[in-house]
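Accompanying notes for the structure given below.
Nothing in this text is a laboratory measurement; each read-out follows from the coordinates by a stated rule. All of these numbers come straight from a predicted model, not from anything done at the bench. Using ideal geometry, Cβ is built from the backbone for each residue, glycine included, and neighbour counts are taken over all protein chains shown.
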Amino acid sequence: MRDEGQVRQKLKQVLYRHLQKRLRDVFRRRPHTCFHNRTYRVQGEVEIGVCTFQIEGKPRLVVCDPRVLQGIEQAKACPWWTALRGKETVKAAFRDILETTDRGRIAAEFPDVASLLWVLDDVEIKAAMAEAEKEVDALPDAALSWEDKS
């Protein structure tokens with residue numbers, strides 16, 4: 001059986017990993033993660049992503065969709081790509097989920113966190129979140145904008 005300190009450390013590590021994953025998903029350069037990308041309906045039913053970055057007061061209106069014209073590569077190379085949400089917004093949303101009194105919601109989204117909280121029972125989630133956030137904040141932003149092969 002693990003002692004309480006080891007379980008608390010594991011909780012901090014798990015929270016850190018989940019937060020880091022959420023941040024990486026937001027900062028992954030993809031059409032749907034760009035602030036300037038909007039979905040437009042074409043020919044009635046087909047939806048397509050379009051870049052609306054303003055150049056000289058006019059939107060670019062260039063197709064930027066992962067299903068068309070190498071959209072992922074286009075987003076990766078785009079000089080105007082801007083994250084849809086900021087780091088603080090992502091952290092606040094993550095914190096809101098974990099600080100809820102509804103353990104069922106936590107269990108649905110983070111079963112590993114829920115089981116560690118169950119073991120600790122009286123743990124103060126805010127303290128564990130603060131430690132995980134401090135570690136994530138220590139990462140350079142470049143570490144969050146990673147690219148994978150997919």
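Miscellaneous remarks
- Label reach from Asp141 (point 7 Å along Cα→C-beta): in the stretch 50-72, amide nitrogens under 19 Å belong to 53-54.
- GNM flexibility winner over the chain from Val63, Val42, Val136 (Cα, springs under 10 Å): Val42
- Extreme residue, positive dipole direction of the chain, given options Val136, Phe53, His18 (C-beta unit charges): Phe53
- Around the amide H of Cys64, modelled in the peptide plane, lie the amide H atoms of Gly49, Val50, Cys51, all under 5 Å away and 5 or more residues distant in sequence or on another chain.
- Fewest-first sequence of Phe53, Phe35 by Cβ atoms within 10 Å of each Cβ: Phe35, Phe53
- GluC sites (Glu not before Pro) restricted to the stretch 11-109 and DSSP loop, no more than 10 other C-beta within 10 Å: Glu45, Glu56
- Scalar couplings 3J(HN,Hα) for the stretch 18-31, obtained by applying the Karplus form with A = 6.51, B = -1.76, C = 1.60 to θ = phi - 60°, are 5, 5, 4, 4, 4, 5, 5, 5, 6, 8, 6, 6, 9, x Hz; x denotes Gly and Pro.
- The sum of -39500 (n - 2.57) across all DSSP H runs of n ≥ 4, divided by the residue count of the chain, sets its helix-only mean residue ellipticity at 222 nm to -16000 deg cm²/dmol.
- Backbone amide hydrogens, once placed in the peptide plane, bring Leu139 within less than 5 Å of nothing, excluding anything fewer than 5 places away on its chain.
- Close amide-amide hydrogen proximity is noted between Asn37 and Thr52, each under 5 Å apart and 5 or more residues distant or on a separate chain (H modeled in the peptide plane; Pro and chain starts excluded).
- 16 Å Cα-Cα reach of Lys58 towards lysines, excluding residues that sit fewer than 8 places from it in its own chain: none
- Diffusion coefficient, µm² s⁻¹, Stokes-Einstein with Kirkwood Rh over alpha-carbon pairs of the stretch 31-77 at 20 °C and 1.002 mPa s: 198 µm²/s
- Neighbour counts of other Cβ atoms within 10 Å put Asp65, Asp112, Asp137 in the fewest-to-most order Asp137, Asp112, Asp65.
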